[in-house]
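The values are calculated or read from the model by the stated rules, or taken from the named source; none is laboratory data. Just so you know, these numbers come straight off a predicted model, no measurement behind them. Glycine gets a Cβ as well: all are built from the backbone with ideal geometry, and neighbour counts include every protein chain shown.
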Amino acid sequence: MSETVKQGAHKSYLEETGGRKGIFKWILSTDHKRIGLLYLYSIMTWFVIGVALGIMMKLELIAPGKTIMGAQAYNATFTVHGVIMIFLIVIPGLPAVFGNFLLPIQIGAKDVAFPKLNLFSWYIYVAGSILVVASLFAGGGPPDTGWTFYAPYSFKTGTNMLPAVVGAFVLGFSSILTGLNFLVTIHRLRAPGMTFMKMPVFPWTLYGTAWIQLLATPIVGITLLMVLGERIFNIGFFDPAKGGDPILYQHLFWIYSHPAVYIMILPAMGAISEIIPTFSRKTIFGYRFIVISTLAIAFVGYFVWGHHMFTSGMSGTALFTFSILTFIVAIPSAIKVFNWVATMHQGSILLKTPFMWAASFIFVFLIGGLTGLVLGALATNVHVHDTAFVVGHFHFIVFGGTGFAFFGAVHYWFPKIYGRMYDESWAKTGWLIFFIGYLALYGPMLYLGIKGMPRRYFDYLPEYHGPNILSSLGALVMVSGFLIILINLIRSARHGEKAEANPWGGTNLEWQISSPPSLENFDEIPTIDKATYKYD
Amino acid sequence: MYDISPENASNFVAGVDLAFVIILGVSVFFLVAITGVMIYFIRKYRRDKHPKAIQNEGSLKLELIWTIIPLLLVLVMFYFGWMGWKPMKTPPEDAMKVTAIARMWNFKFEYENGKLTDSLYVPVNQPVVLDLKALDVLHSLYIPAFRVKEDMVPGNIKQMWFIPGQVGSYDLFCTEYCGLDHSYMYTGVRVMAEEEFAEWMKDTTATAPAVDESMTPAQQGFEILKSNGCNACHSSDGSKLVGPSYRGIWGETQEVTTAGEKREITVDEEYIRRSIYDPNADIVDGFNKGLMLSYEGLVTEEEIDLIIEYIKSLDE
Ligand SMILES: [Cu+2]
């Protein structure tokens, strides 16, 4: 590790405006770092809205009967919450923000392969999000179909479903183009000497993700087009009265949306694989196995969509196959968890905020994965399918997994992005409150589901009251933590202490350049002669 | 496993709960063990206690161990999941048949002798097979105590079966989101002793709508609306729900769409009858097609006359 980094020898990318002013230095810049931040700010904005909708749902459910809104409003709230969280936040999420910011730097490149296409993808993203959010305000009321848009209800409801579906369709293109861009970048722009097996884990996970984005997203595109055809021209693909089949819709939807779960979680695993070695000062344990398991997840993940439909009447053979494959796809994730924990063994661990997020990630991700086994087994699936258990399970994976990794990543790369440090003690306080609230919010859902409370219920029988109170209170605690985290980050981006080039002692390329990086990242493209995560 | 359900509520409880116990048992063990080891490492190797890390790139032996052992364990879990589920697939030949009919937002159960009820009545210790029929959108029939659930798909009649093992009352939910009143789409299962059930089954009059001759025709009309679940979509106070309100329509002119053409109609007896037997013939402006289904065979001509009396009475 050469300690020759000269902080501030060049203008940073934040000072480099290309002669543009105000907002234009952002929305016209093709610098991958600025584009990453554009995504960060857009995603954070939607996230605040999504969280607000989630809190409204939890307040409604704090007591049986109507509490703060009626059934129609509640149904619209969970639909829009789901659509925003899935399509606008978790799917673009880590790849769009940290992938953009870090992928070129981590592989020693000056930018992605197609910088203009990259900016264009962000425009598509914004157009799609505006359509989705417009559905809230225009037409016959916000959509009330659930984020899954299941047929035939989605063709019968009078609410404003079309813009939401068109929005999701448009967002798909942003995802496909980003995936394409990253694939080409990784294949063509690695620095001399950086063979695939010398590449850090984060780019590896982006690589697996990019293939899924490229290959699976078109399927949901076609499906959403079929939905449009159904609603506008009454074609009848999914309408039994016209010889169609509503179950066909579910197959098409999940053929994309299951792999999409891996779009959400793989880069999160990548970020965790960066954080743990850095704060343990130890090379990652079983690098090769982590890489192989990443590719295995991306591949096997295509063949398990049927586990969302175990009660829809598929044949016994189909159920047998989907169930066993679901169990097998759990193995590569387990391998990763074991390797992360082994990385800590005999390390020299510094308990900074990113590490706290990473360690708590392992805990909540384990709960998410293990509850997934309950859903993967047929007998138990039949009982908990479409109950609060499923809602708990996927929040443990998608919010516990991706969300915790995202917050970990924000803190970890914060000094690199802004050249300033966040406030450590506020960050830790925020984390602790968030974590406690989080467990109180989602833990009871698992219990409620086993007790038989169905999901998407505006109202429930009194026997389910107790755990629902705990869950609602948990939501309020979690949000307080979230606000602390957010305010701390916003404040520190402007007023934090100046950061060093390598405040954590990381080994990958992003830590060998100044904080914040210069426009072109490297003066000279580096030559790589060592394995990644090498401490000596 | 928990209080909502005695161990033998149905013949599937034992198999499903065994799978639960095995999977949750292994899961809790791994959750506690991995988290415990992690916390132990974090405490033991904190930088102030352990300033210099000892590098270790990995170990093939460990990788094999933590691939193979979990693989074997998940295969065991799969096996118990499969074994618990398999008997649910094929109902026995001699099972008693009931047709379960779901529509937005209620269930109806039809027995072989033509009896029609809102909740499910079954005899104890006798296999029952439900033919699952959805009339409008997807629904799903779920009886938590029995550990059974199956989606109800329009245009595709599926089956579900079970042997109730204990006299009592249990919850029955719709678990597939189906619109506005999804969360009110629940009813109960009554498991009865054999003789009691036989007695109940014979009496096909008891469940006809509770029309009391001492009520006015309009009041009777309201009871009929209530017992058919019309009020989930229609209000009596002029407010718009999924469908138009009954108030303020009698004798009025309305804009409707008939076979794609807009036209005006006057709400009279003929129109109301058509609205109930063939609701999608004329679609009232501002409402959606396909939500209300025909009640032909469910609501008689005489009952429609009473409903009309009720609608008239709202505007007096
Ligand atoms: Cu339903």
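Within the range A:284-299, the set of residues being within 13 Å of chain B (Cβ to nearest Cβ) and either closer than 15 Å to A:S323 by Cβ or part of a helix (DSSP H, G or I) (or both) comprises A:Y287, A:R288, A:F289, A:I290, A:V291, A:I292, A:S293, A:A296. Exactly one residue out of A:F303, A:F237 is over 25 Å from A:V390 (Cα atoms) and in contact with a helix residue (DSSP H, G or I) (Cβ under 7 Å, 6 or more places away or on another chain): that is A:F237.
Here the condition is being over 26 Å from A:L206 (Cα atoms), more than 14 Å from every other protein chain (Cβ to nearest Cβ) and touching a residue at least 60 places away in the same chain (Cβ under 8 Å); of A:I55, A:I107, it holds for A:I55 alone. Are any of the residues in the range A:445-457 away from every other protein chain (no Cβ under 14 Å), among the hydrophobic types (A, V, I, L, M, F, W, C) and closer than 24 Å to A:L59 by Cβ? Yes. Only a single item in (1) in contact (Cβ under 8 Å) with a residue 12 or more places away in the chain; (2) away from the ligand (no atom under 13 Å from the Cβ) is not met by B:L135, and it is number (2).
Yes/no matrix, rows are residues, columns are (1) outside any loop (DSSP other than H, G, I, E, B); (2) farther than 28 Å from B:K240 by Cα:
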site: A:L40; (1), (2): yes, yes
site: A:L53; (1), (2): yes, no
site: A:L59; (1), (2): yes, no
site: A:I89; (1), (2): yes, yes
site: A:L94; (1), (2): yes, yes
site: A:V97; (1), (2): yes, yes
site: A:F101; (1), (2): yes, yes
site: A:A109; (1), (2): no, yes
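Say whether the condition of being at the interface with chain A (Cβ under 9 Å from one of its Cβ atoms) and away from the ligand (no atom under 12 Å from the Cβ) is met by at least one residue in the range B:166-177. There is at least one residue in the range B:166-177 that is at the interface with chain A (Cβ under 9 Å from one of its Cβ atoms) and away from the ligand (no atom under 12 Å from the Cβ). B:A232 is checked against (1) modelled with pLDDT of 85 or more; (2) within 12 Å of the ligand (Cβ to nearest atom); (3) of a type outside the set (S, T, N, Q) and fails just one. What number does that condition carry? Among (1) modelled with pLDDT of 85 or more; (2) within 12 Å of the ligand (Cβ to nearest atom); (3) of a type outside the set (S, T, N, Q), the lone unmet condition for B:A232 is (1).
Scanning the range B:2-51 for residues being touching a residue at least 24 places away in the same chain (Cβ under 8 Å), more than 7 Å from chain A (Cβ to nearest Cβ) and not hydrophobic (A, V, I, L, M, F, W, C) gives a total of 6.
May I ask you to list the residues in the range B:140-171 that are at positive phi and out of contact with any Phe, Trp or Tyr (no Cβ under 7 Å at 6 or more places or on another chain)? The answer is B:G155, B:G168. Determine if the range B:79-91 includes at least one residue that is farther than 30 Å from B:E194 by Cα, away from the ligand (no atom under 16 Å from the Cβ) and in contact (Cβ under 8 Å) with a residue 12 or more places away in the chain. There is at least one residue in the range B:79-91 that is farther than 30 Å from B:E194 by Cα, away from the ligand (no atom under 16 Å from the Cβ) and in contact (Cβ under 8 Å) with a residue 12 or more places away in the chain.
For the condition touching a residue at least 24 places away in the same chain (Cβ under 8 Å), within 16 Å of B:F197 (Cβ to Cβ) and within 16 Å of the ligand (Cβ to nearest atom), what is the one hit in B:S119, B:S140?
B:S119
No other residue among A:Y438, A:Y460, A:Y422, A:Y442 is surrounded by 20 or more Cβ atoms within 10 Å (Cβ to Cβ) and closer than 15 Å to A:V410 by Cα apart from A:Y422.
Tell me whether the range A:203-225 contains one or more residues that are farther than 29 Å from A:A318 by Cβ, modelled with pLDDT of 90 or more, more than 14 Å from every other protein chain (Cβ to nearest Cβ) and assigned to a loop (DSSP other than H, G, I, E, B). No, that holds for no residue. Selection within the range A:491-525: residues that are over 18 Å from A:Y13 (Cβ atoms) and over 27 Å from the mean Cα position of the chain (by Cα). The member of this set that is surrounded by the most Cβ atoms within 10 Å (Cβ to Cβ) is A:E497.
Considering only the range A:317-329, state which residues are of a type in the set (A, V, I, L, M) and surrounded by 22 or more Cβ atoms within 10 Å (Cβ to Cβ).
A:L319, A:V329 - these are the residues of the range A:317-329 that are of a type in the set (A, V, I, L, M) and surrounded by 22 or more Cβ atoms within 10 Å (Cβ to Cβ).
Filtered by the rule that a residue be surrounded by fewer than 22 Cβ atoms within 10 Å (Cβ to Cβ) and within 14 Å of chain A (Cβ to nearest Cβ), the range B:113-131 gives a lone residue, B:D131.
Can you confirm whether B:N113 is within 11 Å of the ligand (Cβ to nearest atom), of a type in the set (S, T, N, Q) and in contact (Cβ under 8 Å) with a residue 60 or more places away in the chain? Criteria not met by B:N113.
Taking the criterion of being not in a helix (DSSP H, G or I) and not assigned by TED's automatic domain parsing to the domain that holds B:I163, would at least one residue in the range B:58-75 satisfy it?
Checking the range B:58-75: at least one residue is not in a helix (DSSP H, G or I) and not assigned by TED's automatic domain parsing to the domain that holds B:I163.
Mind listing just one residue for me: the one in the range B:92-107 that is crowded, with 17+ Cβ neighbours inside 10 Å and assigned to a strand (DSSP E or B) and, of those, nearest to the ligand (Cβ to nearest atom)? Among those residues, the one meeting the criterion is B:A102.
Note on the range A:79-130: among residues that are at pLDDT below 90 and of a type in the set (D, E, K, R), the one that is farthest from the chain's Cα centre (by Cα) is A:K110. Out of the range A:245-283, which residues are in contact (Cβ under 8 Å) with a residue 60 or more places away in the chain and not in a helix (DSSP H, G or I)? Matches in the range A:245-283: A:R281, A:K282, A:T283. Being within 10 Å of another protein chain (Cβ to nearest Cβ), of a type in the set (K, R) and either closer than 24 Å to A:E463 by Cα or more than 12 Å from the ligand (Cβ to nearest atom) (or both) holds for only one residue in B:R147, B:R190, and it is B:R147.
Acidic (D, E), part of a loop (DSSP other than H, G, I, E, B) and either within 14 Å of chain A (Cβ to nearest Cβ) or closer than 21 Å to B:F146 by Cα (or both), is that true of B:E110? No, not satisfied.
Within the range A:421-436, can one find any residue that is more than 30 Å from A:T145 (Cβ to Cβ), free of Cβ contacts under 8 Å to residues at least 12 places away in the same chain and polar (S, T, N, Q)? Checked against the condition, which is being more than 30 Å from A:T145 (Cβ to Cβ), free of Cβ contacts under 8 Å to residues at least 12 places away in the same chain and polar (S, T, N, Q), the range A:421-436 yields at least one hit.
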